[in-house]
Amino acid sequence: MLMTADIKMQIEAIKNPGRMFLIDYGKTVLLTDGYKGPYIEKAKALINLEQIRHTESVKDDFNPQSMEVDKLTRTRHLIVTSSGKVACRFDTNDGEQIWARNDWVKEYKNAFSYATEKTRKAIIPIGINGECLGIILCLHVDDIES
């Protein structure tokens, strides 16, 4: 079985249910640890979703049915953060640069393309059918000397 982001996050929810949050969007839920998280269809969930803490604080920000998204282009630029993690760069059509942890982006191997929502605080991997696969919160990068 392929270890996709939704499977990994559900395993993490079994191991550490106190660290996870669930945001309900009807037929779909967002299972998140506060930094990243996959969208999971309720019917396809492998865990009991009622045991995960529900939150309403960011409900409308990442609603996959009503979210306005802008296409991103993943570049080959990488940086090493002060904590030793590798971050990769995405460019918007406006020329803005958005950075995200590379290991979190790699969890979405089945992503066909990438997008961001209107506030540009998250990267959204997009599946081959155009569905949102999850969210990855962005990193703040101050200055980079080329």
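The values are calculated or read from the model by the stated rules, or taken from the named source; none is laboratory data. Remember, predicted model here, so these are calculated numbers, not experimental data. Quick reminder, even Gly has a Cβ in these numbers, built from the backbone with ideal geometry, and neighbours come from all protein chains shown.
In the set Glu96, Glu56, Glu68, Glu107, which member is over 25 Å from Gly26 (Cβ atoms), touching a residue at least 12 places away in the same chain (Cβ under 8 Å) and acidic (Asp, Glu)?
Values: Glu56 fails: over 25 Å from Gly26 (Cβ atoms); Glu68 fails: over 25 Å from Gly26 (Cβ atoms); Glu107 fails: over 25 Å from Gly26 (Cβ atoms).
The conditions single out Glu96.
Report those strands (runs of 3 or more DSSP E) wholly inside the range 33-102 carrying at least 3 residues which are assigned by TED's automatic domain parsing to the domain that holds Gly130, of a type outside the set (Asp, Glu) and more than 17 Å from Glu12 (Cβ to Cβ).
Values: elements: 36-41, 69-80, 86-92, 97-101.
Per the criteria, 69-80, 86-92, 97-101.
Hey, among the residues in the range 23-41 that are without any contact (Cβ under 8 Å) to a residue 60 or more places away in the chain and charged (D, E, K, R), which one's farthest from Asp103 (Cα to Cα)?
Lys27
Just to check your reading of the model, which residue among Ile11, Ile52, Ile98, Ile79 is within 14 Å of the chain's Cα centre (by Cα) and either of a type outside the set (A, V, I, L, M) or on the phi < 0 side of the Ramachandran plot (or both)? I'd like the intermediate steps shown before the answer.
Values: Ile11 fails: within 14 Å of the chain's Cα centre (by Cα); Ile52 fails: within 14 Å of the chain's Cα centre (by Cα); Ile79 fails: within 14 Å of the chain's Cα centre (by Cα).
That would be Ile98, the only listed residue that is within 14 Å of the chain's Cα centre (by Cα) and either of a type outside the set (A, V, I, L, M) or on the phi < 0 side of the Ramachandran plot (or both).
Do we find that Ile79 is farther than 15 Å from Ala5 by Cα, aliphatic (A, V, I, L, M) and touching a Pro at 6+ places or on another chain (Cβ under 9 Å) in this structure? Give the steps one after another, and end with the answer.
On the way: farther than 15 Å from Ala5 by Cα: yes; aliphatic (A, V, I, L, M): yes; touching a Pro at 6+ places or on another chain (Cβ under 9 Å): no.
For Ile79, the condition - farther than 15 Å from Ala5 by Cα, aliphatic (A, V, I, L, M) and touching a Pro at 6+ places or on another chain (Cβ under 9 Å) - is not met.
Restricting to the range 59-93, and then to whatever is exposed (fewer than 14 other Cβ atoms within 10 Å of the Cβ) and among the aliphatic types (A, V, I, L, M), can you tell me which residue is farthest from Phe112 (Cα to Cα)?
At the first step, the residues of the range 59-93 found to be exposed (fewer than 14 other Cβ atoms within 10 Å of the Cβ) are 59-60, 65-66, 68, 71, 73, 75-76, 78, 80-86, 93.
Filter once more, keeping what is among the aliphatic types (A, V, I, L, M): 78, 80, 86.
Working: Leu78: 20, Val80: 25, Val86: 21 Å.
Among them, the one singled out is Val80.
Residue by residue, here is whether (1) of a type in the set (Phe, Trp, Tyr); (2) closer than 21 Å to Arg120 by Cα holds:
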site	(1), (2)
Lys15	no, no
Tyr25	yes, yes
Leu30	no, yes
Lys36	no, yes
Ala45	no, no
Pro64	no, yes
